[in-house]
Amino acid sequence: MSNSLKNVTNINKKEFQKDLIGWFEREQRDLPWRKDQDPYKVWVSEIMLQQTRVDTVIPYFNRFISEFPTIEALSNADEEKVLKAWEGLGYYSRVRNLQSAVREVHEQYGGKVPNTPKEISSLKGVGPYTAGAILSIAYGVPEPAVDGNVMRVFSRILSIWDDIAKASSRKVFEEAVRAFISHENPSYFNQALMELGALICTPTSPSCLLCPVREHCHAFEEGTQNELPVKTKAKKQRKVQLAAVVLKDTEGRTVIQKRPSSGLLANLWQFPNVEIHLPVLGDREQLLSNLKEEYEIQCDIGELVGHIEHVFSHLVWNINVYEGTLVEPIKSSDTLKLVDQEEIESFAFPVSHQKMLRQYYKKE
DNA sequence: GACCCGTGGTA
DNA sequence: TTACCAAGGGT
């Protein structure tokens, strides 16, 4: 056993399970993905919930399941529509991986989500947490599903001082879950840990007096609940300067381009823009030369109409936005289009460019 | 292990 | 305003 788990044997496992699961049965929230245990819906919900709040996910989940209700529906869906359904949720590789994996299930597993750790973990976008979540919730398999909640809850219950920001710490908490998980109801056990983390055992000012398992909690006994878990700070975001142009033709249509199929905001659509490495050249000159060289677009760059700051988890965009007009017509392609106000609605944009769309495109 | 990959809410 | 956060995974 890991040295971090020296307190495991001090806790009555059966009593702990009973108190935790009993609380979950009484207090669990009524959430749309809890209406049944359809493995596909459990899967979709778990992908959406990665690093994303429950309140944010709810409307996306309802719309997504309404539009793509089954494995087959999502397998056959147009990628553009799937991305559009994810627009605004962030971490867009999640949905590309999801559709790719769903297609694999459709073709290789006869449309049935696999129920073994090895098979399910081999699917794109399904890591250790998601594998355990689907296996336990959809199939009742007693596998750990260790997310940030579970690490926080168990760091307090067992007084584990490992840094939860380190990837290597996850296995310590998986070991803790394996020591306590209910084999009668792994689904409720795992969900209860996360629900407890979300509602009671919160990051700051946990509600210990309302906690159903405070009698089992070492941190509560020692008064260290506000010092746990240990988590090192994230480093600051890098700043990136951009210049973008809302480029119109003589009929009021606007140029949009598709982002590369990998990296930041992959496959989303945007207004033409360039990263400004050297400010000395000037935004207009760099936009002009980029559009000419990359797309053979001849245009005039007009007024600076505004600027947008957009904060990502790991960087900050500062975008100067210009108006522009096409000098000669362009040819549409898979990655470059001229669209009117109605057509543009069907393309998925990152939030930063949605702001441009609202502020600088729909005028006049 | 370090870094990349989004967004909106909150103290 | 700043910093941190929220049901992680890929490379």
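The values are calculated or read from the model by the stated rules, or taken from the named source; none is laboratory data. Predicted model, so just to flag it, every value in this text is computed and none were measured. Virtual Cβ from ideal backbone geometry, glycine too; neighbours counted across all protein chains shown. Only protein heavy atoms, including side chains, enter the accessible area calculation; ligands, DNA and RNA are left aside. Shrake-Rupley method; radii C 1.70, N 1.55, O 1.52, S 1.80 Å.
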- Message: Just to be sure I understand the model, the point goes 7 Å from the Cα along the line to the Cβ. What's the resulting A:GLU72 to A:SER205 distance in nm?
- Response: 5.2 nm
- In whole Å, how far is the Cα centre of the range A:1-77 from that of the range A:211-250? 20 Å
- Message: For the range A:313-364, which trypsin sites (Lys or Arg not before Pro) pass both filters: DSSP loop (anything but H, G, I, E, B) and at most 11 other C-beta atoms within 10 Å?
- Response: A:LYS331, A:LYS362, A:LYS363
- Note on the structure: The distance between the Cα centres of the range A:317-364 and the range A:89-108, in whole Å, is 27 Å
- Note on the structure: Going through A:LYS6/A:LYS171; A:LYS41/A:LYS112; A:LYS166/A:LYS235; A:LYS81/A:LYS331 one by one, the pairs whose alpha carbons sit over 18 Å apart turn out to be A:LYS81/A:LYS331
- Could you please report the charge total around A:GLN225, scoring K, R as +1 and D, E as -1 over all other residues with beta-carbon less than 12 angstrom from its beta-carbon? 0
- Just the accessible area per residue of chain A, please: how many Å² with a 1.4 Å probe? 51 Å²
